[in-house]
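Visitor: Pasting a structure here, questions to come.
The values are calculated or read from the model by the stated rules, or taken from the named source; none is laboratory data. Keep in mind the model is a prediction, meaning the values are calculated, not measured. All Cβ positions, even for glycine, are placed from backbone atoms using ideal geometry, and neighbour counts span all protein chains on display.
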Amino acid sequence: MERIRAAVARARIATIDDEAPVRVALARLLRLAAYEVTSFDSGEAFLASLAVSCPDCVIVDIHMPGMNGFEVANRLRAANIDLPVVLITASDDAALDAAARAAGAVQLLRKPFPGDQLLAAVAEALARRPSGGP
């Protein structure tokens, strides 16, 4: 059990959302679950950060000004960066489910979602990492 806690504590999660309150809430929940968190207000800022450090999982809002969540996921794939992506949205558009699958997302969560649902999606994403999980 201690080995699992240590592995989780090392997992680095990036969150991308243009709304500051959402970034704060996501970071707070993830830190309480012992993850390291880095937050970004745009897909462009996140992609630029990859030159310095790559997280273990990314949570990204679909609808943002500039680069949207699908574009972030597609750019990661185009660059052969095998990084699990969890998409989030406030939209109830059913077509987004198929688009999320096509973009290779681990899950699509609709805001507001319960914290345990986000943590389960992150755990699933981390289990899909190329290293085989934590």
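Visitor: Against the condition loosely packed, with under 15 Cβ neighbours inside 10 Å, hydrophobic (A, V, I, L, M, F, W, C), at pLDDT 95 or above and over 24 Å from Arg28 (Cβ atoms), how does Ala94 come out, does it pass?
Guide: So Ala94 does not fit the description; no.
Visitor: Specify which of the listed residues (Ala51, Ala100, Ala33) is of a type outside the set (S, T, N, Q) and loosely packed, with under 12 Cβ neighbours inside 10 Å.
Guide: Ala51
Visitor: Sticking with this structure for a sec: Please determine, by comparing only the residues of region 30-47 that are hydrophobic (A, V, I, L, M, F, W, C) and under 12 Å from the mean Cα position of the chain (by Cα), which one is nearest to Arg12 (Cα to Cα).
Guide: Within region 30-47, the match that is nearest to Arg12 (Cα to Cα) is Val37.
Visitor: What's the total number of residues in region 48-67 that are in contact (Cβ under 8 Å) with a residue 12 or more places away in the chain and more than 13 Å from the chain's Cα centre (by Cα)?
Guide: So the count comes out to 8.
Visitor: Which one of Ala103, Ala78, Ala90 is among the hydrophobic types (A, V, I, L, M, F, W, C) and farther than 12 Å from Ile62 by Cα?
Guide: Criteria check complete, one pass: Ala78.
Conditions tested, residue by residue: (1) touching a helix residue (DSSP H, G or I) at 6+ places or on another chain (Cβ under 8 Å); (2) modelled with pLDDT of 95 or more.
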residue: Glu19; (1), (2): no, yes
residue: Arg23; (1), (2): no, yes
residue: Leu30; (1), (2): yes, yes
residue: Ala33; (1), (2): yes, yes
residue: Glu44; (1), (2): no, yes
residue: Gly66; (1), (2): yes, no
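Visitor: Quick check: anything in region 116-133 touching an Asp or Glu at 6+ places or on another chain (Cβ under 7 Å), crowded, with 16+ Cβ neighbours inside 10 Å, more than 23 Å from Asp18 (Cα to Cα) and modelled with pLDDT of 95 or more?
Guide: For region 116-133, residues touching an Asp or Glu at 6+ places or on another chain (Cβ under 7 Å), crowded, with 16+ Cβ neighbours inside 10 Å, more than 23 Å from Asp18 (Cα to Cα) and modelled with pLDDT of 95 or more: present.
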